[in-house]
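Take a look at the structure below.
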Amino acid sequence: MFSSKILAFENYVPENIVSNDRLSDIVDTSDEWIYSRTGISNRRITTNQNTSDLAINVAKGLIEQTGIAPDDIDIIIVATITPDYLTPSTACIVQGALNTKALAFDINVACSGFVYALSIADKFLKSGMYKNAIVIGADVLSKIIDWEDRTTCVLFGDGAGGVLLSKNDENHILAEDIKADGSSWEAIKGGHLGVKNPFVLEEKQDKFFLEMNGRDVFNFATKTVPKSIEALLEKANLTLDDVKYIVPHQANLRIVEVVAKKLKQPLEKFYLNMQNYGNTSAGSIPIALAEMYKQGLLSSGDKIIITGFGAGLTWGSMLIKI
Ligand code: ACO
């Protein structure tokens, strides 16, 4: 039986900081409304870099940290809903920049993307056929945001994070609970491409911008995340007392407050950074993980939970031993 372990954490966000006050110059909103409803004060919005640029910076940082030669990277997975192109995949652009021979592909699972991607990489490594995987969550949501819609444009930011996962003697990915509910796919949607060709019967308008029923997503997240964490712990035969940190998708502070209350845990157990970055979609969890790692919050042997939720609807939690 083969196992896997995270060897390195990295993040990369664009330099341009956009405050709530700056957004109130663009749409009818205020720092007070945004912060009290979401816990967000600032977000990073790219001025020139695309999703692959963010992801390449993360990948290079991971290689630098570990000293693993690019030739020894076997797998690159990028979770993103905002690729540079529909094809090629962002992962192939990263692979080209690193000059590796790794197999490379993207997955599209919105804000749960990093959890899904880590699970996939873990299975590749546990097959025993591969040694090293780079797993990245990267999104430039600002490309698909309607900057005239105050109900969505204040929530999101751009950014990327990732980990280098390697085959290991001891298992460090302890359990997972990963699910989807496609019956609610209309709750969050964006990037719609209508059918267009010379034979089309009725041309439908593209609906490119992200649309979200915020209230429905709020209710879904506060209902699903606690259940997912409980299911995860049951599979691992552990309790929350065994867990040092919960690293949630950084969508909204109020969602995390409800989750903490339902799980009867102090808010301090949840790592939070949405104040600085907003909701960075697939980037959110790995950005937080790399920040924690760089701050020395993650020590060898610590057990942590990562938990994501988002469009699809999708959700997923994993129990990880550092
Ligand atoms: N500034 C000022 N007023 C605003 C703004 C704004 N930016 N946005 C909405 N409002 C107004 C609304 O128009 C409404 O006014 P009305 O009562 O006159 O109609 C009022 O504020 C209340 O709006 P609600 O939508 O009811 O506000 P709510 O308290 O539900 O907060 C929010 C909205 C923050 C979006 C919340 O529902 C939420 O966080 N939902 C979850 C979103 C999420 O987590 N998404 C993650 C997944 S995203 C992905 O996967 C890509």
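Miscellaneous remarks
- Counted residues, the range 146-170 - those being polar (S, T, N, Q), under 23 Å from the mean Cα position of the chain (by Cα) and surrounded by 15 or more Cβ atoms within 10 Å (Cβ to Cβ): 2
- In the range 289-322, the residues that are among the small types (Gly, Ala, Ser), closer than 22 Å to residue 122 by Cα and away from the ligand (no atom under 15 Å from the Cβ): 290, 299, 300, 301, 317
- Close pairs from the range 181-194: first in contact (Cβ under 8 Å) with a residue 24 or more places away in the chain and part of a loop (DSSP other than H, G, I, E, B), partner hydrophobic (A, V, I, L, M, F, W, C) and within 13 Å of the ligand (Cβ to nearest atom), Cβ under 6 Å, at least 6 apart: 181/313; 190/144; 190/210; 191/144
- Residue match in the range 245-262 (condition: open to solvent by less than 40 Å² (accessible area, probe 1.4 Å), more than 25 Å from residue 297 (Cα to Cα) and either of a type in the set (Phe, Trp, Tyr) or within 16 Å of the ligand (Cβ to nearest atom) (or both)): no
- Residue match in the range 234-244 (condition: away from the ligand (no atom under 16 Å from the Cβ), of a type in the set (Ser, Thr, Tyr) and out of contact with any strand residue (DSSP E or B) (no Cβ under 7 Å at 6 or more places or on another chain)): yes
- Which listed residue, of 47, 100, is of a type in the set (Val, Ile, Thr), outside any helix (DSSP H, G or I) and under 22 Å from residue 166 (Cβ atoms): 100
Per-residue answers, yes or no, for (1) open to solvent by 10 Å² or more (accessible area, probe 1.4 Å); (2) in contact with a Lys or Arg (Cβ under 7 Å, 6 or more places away or on another chain):
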position: 138; (1), (2): no, no
position: 182; (1), (2): yes, no
position: 185; (1), (2): yes, no
position: 192; (1), (2): yes, yes
position: 202; (1), (2): yes, no
position: 205; (1), (2): yes, no
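Table: residues versus (1) in a loop (DSSP other than H, G, I, E, B); (2) open to solvent by less than 10 Å² (accessible area, probe 1.4 Å); (3) among the hydroxyl-bearing types (Ser, Thr, Tyr).
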site	(1), (2), (3)
64	no, no, no
71	no, no, no
82	yes, yes, yes
86	yes, no, no
116	no, no, yes
125	no, yes, no
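- Flag for residue 322 being β-branched (Val, Ile, Thr), within 19 Å of residue 174 (Cα to Cα), in contact with a Gly (Cβ under 9 Å, 6 or more places away or on another chain) and open to solvent by less than 50 Å² (accessible area, probe 1.4 Å): yes
- First in the range 200-228 and more than 18 Å from residue 39 (Cα to Cα) and without any contact (Cβ under 8 Å) to a residue 24 or more places away in the chain, second anywhere and within 8 Å of the ligand (Cβ to nearest atom) and in a loop (DSSP other than H, G, I, E, B), Cβ under 9 Å, 6 or more apart: 207/190
- Qualifying positions in the range 20-53 - within 12 Å of the ligand (Cβ to nearest atom), more than 28 Å from residue 258 (Cα to Cα) and open to solvent by less than 40 Å² (accessible area, probe 1.4 Å): 27
- Pair list, Cβ under 7 Å, 6 or more apart: the range 145-157 residue of a type in the set (Gly, Ala, Ser), other residue more than 6 Å from the ligand (Cβ to nearest atom) and open to solvent by 40 Å² or more (accessible area, probe 1.4 Å): 157/44
- Annotation note: of 81, 56, 77, the sole residue that is of a type in the set (A, V, I, L, M, F, W, C), modelled with pLDDT of 95 or more and within 13 Å of the ligand (Cβ to nearest atom) is 81.
- Top-ranked residue of the range 1-19 - restricted to ones that are of a type in the set (Ser, Thr, Tyr) and surrounded by fewer than 21 Cβ atoms within 10 Å (Cβ to Cβ), ranked as modelled with the lowest pLDDT: 3
The values are calculated or read from the model by the stated rules, or taken from the named source; none is laboratory data. Note that the structure is a prediction, hence the values are computed from the model and not measured. Positions of Cβ are backbone-derived with ideal geometry, glycine not excepted, and every protein chain shown enters the neighbour counts. Keep in mind that these areas ignore ligands, DNA and RNA; they rest on the heavy atoms of the full protein, side chains included. Shrake-Rupley method; radii C 1.70, N 1.55, O 1.52, S 1.80 Å.
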